[in-house]
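The block underneath contains the structure these notes are about, expressed in structure tokens.
The values are calculated or read from the model by the stated rules, or taken from the named source; none is laboratory data. From a predicted model like this one, the values you see are computed outputs, not experimental measurements. Cβ sites come from the backbone with ideal geometry, for glycine too, and all protein chains shown count toward neighbours.
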Amino acid sequence: MRIGAQMYTLRSHCQSLDGLSDALRRVADIGYHYVQLSGSCPFPAEWMRDQLRRFDLTCVLTHTPPARLEHETDAVIAEHQVLGCSRIGIGWWPHHPEGEGSFDDFVNRFTPVAEAFHRHGALLMYHNHDQEFQHLDGLPILQRLAERFDPDAMGFTLDTFWVQAGGGDPAAWLDLLSGRVPCIHLKDFAYGRKMAVLGEGNLNFDRILGSADRAGTETLLVEQDDCYGEDPFDCLARSYRYLRARGLS
């Protein structure tokens, strides 16, 4: 497995093209070679392709606004082809009990998107928060999603913090979704329901990384949505060193 950085961690630094370029440079300077693009200002795909080459980075995943996935599907596919990235993610869905934003609404709106991606060699990736651990007809919504979409139609960017926040076991969910988790989000869970640098919270990463390896995970994307006033670049660096000390690169 390889180590990547989720650029959403640095979103406050990425709201202009100059800031985004500098953030990519600093991520590469830490030692990362893989990134997920998320939470930044809009950018031309060709510009980003050139920036990634400049800093010897590879984009393995994006989070793209749901409205673009649904209504600009062909353009999104073309942009990702320029980036050389075949995994296109949806970062959040509310899963209201019914109506707009419900499970059924998601299925109806994004099944055609997933099918279009598959036809072009791409994969729709679903990122969980804690609401996916509500039960729907006796099972967690995340499990219902896995049942409703075939593996070649949708993968999962399992987020360790949010699984724990939803009352789940991150290692067990990696086992359940084996073969469908090419990229996962690693963030630690500290007392007070706080996000933490890897190794500075209470998640059992021996179990999590073992399950990720068995599940076929390729890229471990370090993410920390909230650094609680600390420098997010420093947080990414400490998490990177934690994973490197465990023999990962």
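Quick one: is PHE189 surrounded by fewer than 20 Cβ atoms within 10 Å (Cβ to Cβ) and part of a strand (DSSP E or B)?
Working: surrounded by fewer than 20 Cβ atoms within 10 Å (Cβ to Cβ): yes; part of a strand (DSSP E or B): yes.
Taking the combined requirement at face value, the residue satisfies it.
Can you go through ALA114, ALA122, ALA153, ALA172 and tell me which one is more than 25 Å from PHE205 (Cβ to Cβ) and either surrounded by fewer than 17 Cβ atoms within 10 Å (Cβ to Cβ) or among the charged types (D, E, K, R) (or both)?
ALA153
State which residue is farthest from HIS129 (Cα to Cα) when the search covers only region 78-104 and only residues that are in a helix (DSSP H, G or I) and in contact with a strand residue (DSSP E or B) (Cβ under 8 Å, 6 or more places away or on another chain). So that I can check it myself, show each step before the final result.
Keep residues of region 78-104 that are in a helix (DSSP H, G or I), which gives 78-83, 103-104.
After this cut, where a residue has to be in contact with a strand residue (DSSP E or B) (Cβ under 8 Å, 6 or more places away or on another chain) as well, the list is 80, 83, 103.
On the way: HIS80: 24, LEU83: 26, PHE103: 14 Å.
Checked region 78-104; the qualifying residue farthest from HIS129 (Cα to Cα) is LEU83.
Can you tell me which residues in region 73-84 are under 14 Å from LEU124 (Cβ atoms) and free of Cβ contacts under 8 Å to residues at least 40 places away in the same chain?
VAL76
Out of all the residues in region 198-212, is one or more more than 13 Å from THR160 (Cα to Cα), assigned to a helix (DSSP H, G or I) and in contact with a strand residue (DSSP E or B) (Cβ under 8 Å, 6 or more places away or on another chain)?
No, region 198-212 has no match at all.
Mind counting the residues in region 143-182 that are among the acidic types (Asp, Glu), in a helix (DSSP H, G or I) and either over 17 Å from GLY216 (Cα atoms) or modelled with pLDDT under 95 (or both)? First the steps, then the outcome.
Step one: list which residues in region 143-182 are among the acidic types (Asp, Glu), which gives 147, 150, 152, 159, 169, 175.
Now restrict to residues that are in a helix (DSSP H, G or I): 147, 175.
Adding the requirement that they be either over 17 Å from GLY216 (Cα atoms) or modelled with pLDDT under 95 (or both) leaves 147.
Total meeting the criteria: 1.
Quick one: would you say VAL27 is touching a strand residue (DSSP E or B) at 6+ places or on another chain (Cβ under 6 Å), β-branched (Val, Ile, Thr) and within 27 Å of ARG214 (Cα to Cα)? Spell out the reasoning first.
Values: touching a strand residue (DSSP E or B) at 6+ places or on another chain (Cβ under 6 Å): yes; β-branched (Val, Ile, Thr): yes; within 27 Å of ARG214 (Cα to Cα): no.
No.
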